[in-house]
Amino acid sequence: MPNGESKNRIRFLAAIEGFRARFGKWPSRVRIPSYLLEDLQARLAPEEFSVLEAKIKLVCDGSPMIAEDDFGNTYDYGKRRIF
């Protein structure tokens with residue numbers, strides 16, 4: 001895993017992929033820390049960020065990359081790393 005600023009985006013994507021691998025579907029939301037939301041907004045073009053938000057709700061509550069759905073399924077990247 002690269003060091004530096006890209007590591008948080010990689011962890012974000014790993015949380016989404018970990019959820020999909022475990023439950024066979026995509027999460028409906030990902031709980032993230034505020035610095036990641038700021039990073040995504042800064043690095044993605046406005047159109048790209050809009051597409052991301054249309055597909056997955058970003059909940060900025062300080063959680064360390066927890067992907068979840070509306071049925072109680074969760075994948076916590078910090079506890080269940082797949083990479």
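Each value in this text was obtained by applying a stated rule to the coordinates, not by laboratory testing. For clarity, every value in this text was computed on a predicted model and none was experimentally measured. Methodologically, a virtual Cβ is constructed for each residue, glycine included, from the backbone with ideal geometry; neighbour enumeration extends over all protein chains shown.
Please go through the stretch 53-65 and give me each residue that is surrounded by 13 or more Cβ atoms within 10 Å (Cβ to Cβ) and either more than 23 Å from Ala21 (Cα to Cα) or among the hydrophobic types (A, V, I, L, M, F, W, C) (or both), ordered by number.
Hits for the stretch 53-65 are Ile56, Leu58, Val59, Cys60, Met65.
Quick one: in the stretch 66-83, of everything that is in a loop (DSSP other than H, G, I, E, B) and touching an Asp or Glu at 6+ places or on another chain (Cβ under 9 Å), which residue is surrounded by the fewest Cβ atoms within 10 Å (Cβ to Cβ)?
Checking each candidate, the answer is Phe83.
Regarding Ile10, is this residue part of a helix (DSSP H, G or I), β-branched (Val, Ile, Thr) and exposed (fewer than 14 other Cβ atoms within 10 Å of the Cβ)?
It is true that Ile10 is part of a helix (DSSP H, G or I), β-branched (Val, Ile, Thr) and exposed (fewer than 14 other Cβ atoms within 10 Å of the Cβ).
Just for the stretch 28-65: of the residues that are polar (S, T, N, Q) and either more than 12 Å from the chain's Cα centre (by Cα) or part of a helix (DSSP H, G or I) (or both), which one is farthest from Lys7 (Cα to Cα)?
Ser50
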